[in-house]
Amino acid sequence: MAAISIKFEGLDAVFKKLNTKPQDINEGISDELNAWALDTVTLAKQNCPVDEGFLRNSINANFSTPNKLEAEITVGANYGAYIEFGTRGHAARYVSTLPADWKELASSFKGGGGKKGSFKDYLLEIVKWVKRKGIDEKAAYPIAISILRNGIKPQPYLYPAVNKTRKQLIDRIKKVIES
């Protein structure tokens, strides 16, 4: 899944208005961005569904520095977006409720992607999954066909985390700038 980035632009005007130097504020903003990134990663990991833990363990942060006011949250699992947004009609319904920037992110995964394989490979993954869940192996084929036809429901983990921590970040940045 693509990275979610928070960047600050136009700070030169803020510094000029406050009659301060960038280095006086950049460190505080960088610290707050890093705190936001850690909070968001923690929340996203708590929100995400867990089978074997690969998706959860692939959620990470790239931290800000005073010279580069930018923090990123990344999801390394190639199927992360499909879990977040769902697939087929489920995705269309859910994504239509999201803000424009998230719709744009979701659309970058439309039409498949990720690791390509044969139907046999896909079915083998479903067989492994049903075994882990204690479901009769005979159910694997109908489950696989159902997923192909109907898609999967979204299980948002990143958007709720970003949405919740964003408000806190804004408040904390305001405090840094005002102090």
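The values are calculated or read from the model by the stated rules, or taken from the named source; none is laboratory data. Not measured: the values here are computed from a predicted model. Reconstructed Cβ throughout: ideal geometry from the backbone, glycine too, with neighbour counts over all protein chains shown.
Does Gly10 satisfy being at pLDDT below 90 and surrounded by 12 or more Cβ atoms within 10 Å (Cβ to Cβ)?
Here the answer is no, as Gly10 does not meet what is asked.
Restricting attention to the stretch 63-104, and to residues there that are under 11 Å from the mean Cα position of the chain (by Cα) and hydrophobic (A, V, I, L, M, F, W, C), which single residue is farthest from Arg149 (Cα to Cα)?
If we take residues in the stretch 63-104 being under 11 Å from the mean Cα position of the chain (by Cα) and hydrophobic (A, V, I, L, M, F, W, C), then Ile73 is farthest from Arg149 (Cα to Cα).
Name every residue in the stretch 36-53 that is in a helix (DSSP H, G or I) and either at pLDDT below 95 or not hydrophobic (A, V, I, L, M, F, W, C) (or both), in order of residue number.
Within the stretch 36-53, Trp36, Ala37, Asp39, Thr40, Thr42, Lys45, Gln46, Asn47 qualify.
Looking at the stretch 57-99, which of its residues are of a type in the set (D, E, K, R) and more than 28 Å from Ile173 (Cβ to Cβ)?
Arg88, Arg93
State yes or no: is Val130 in contact with a Gly (Cβ under 9 Å, 6 or more places away or on another chain) and surrounded by 12 or more Cβ atoms within 10 Å (Cβ to Cβ)?
Criteria not met by Val130.
Rundown of residues vs (1) among the polar types (S, T, N, Q); (2) buried (at least 21 other Cβ atoms within 10 Å of the Cβ), yes/no style:
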residue: Glu32; (1), (2): no, yes
residue: Leu38; (1), (2): no, no
residue: Thr42; (1), (2): yes, no
residue: Pro49; (1), (2): no, no
residue: Gly53; (1), (2): no, no
residue: Glu72; (1), (2): no, no
residue: Pro99; (1), (2): no, no
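With the condition being out of contact with any strand residue (DSSP E or B) (no Cβ under 8 Å at 6 or more places or on another chain) and over 26 Å from Ser30 (Cβ atoms), I'd like the helices (runs of 4 or more DSSP H) fully within the stretch 62-179 carrying at least 1 qualifying residues.
80-85, 88-95, 100-107, 119-133, 140-150
Six or more apart or on different chains, Cβ under 6 Å: which pairs go from a residue in the stretch 25-54 that's farther than 30 Å from Trp129 by Cα and not assigned by TED's automatic domain parsing to the domain that holds Tyr159 to one that's of a type in the set (Lys, Arg) and crowded, with 19+ Cβ neighbours inside 10 Å? Could you list them?
Listed pairs, sorted by first residue: none to list.
For Lys174, state whether it is in the same structural domain as Thr40 (by TED's automatic domain parsing), more than 20 Å from Thr42 (Cα to Cα) and within 13 Å of the chain's Cα centre (by Cα).
Spelling it out, it is not the case that Lys174 is in the same structural domain as Thr40 (by TED's automatic domain parsing), more than 20 Å from Thr42 (Cα to Cα) and within 13 Å of the chain's Cα centre (by Cα).
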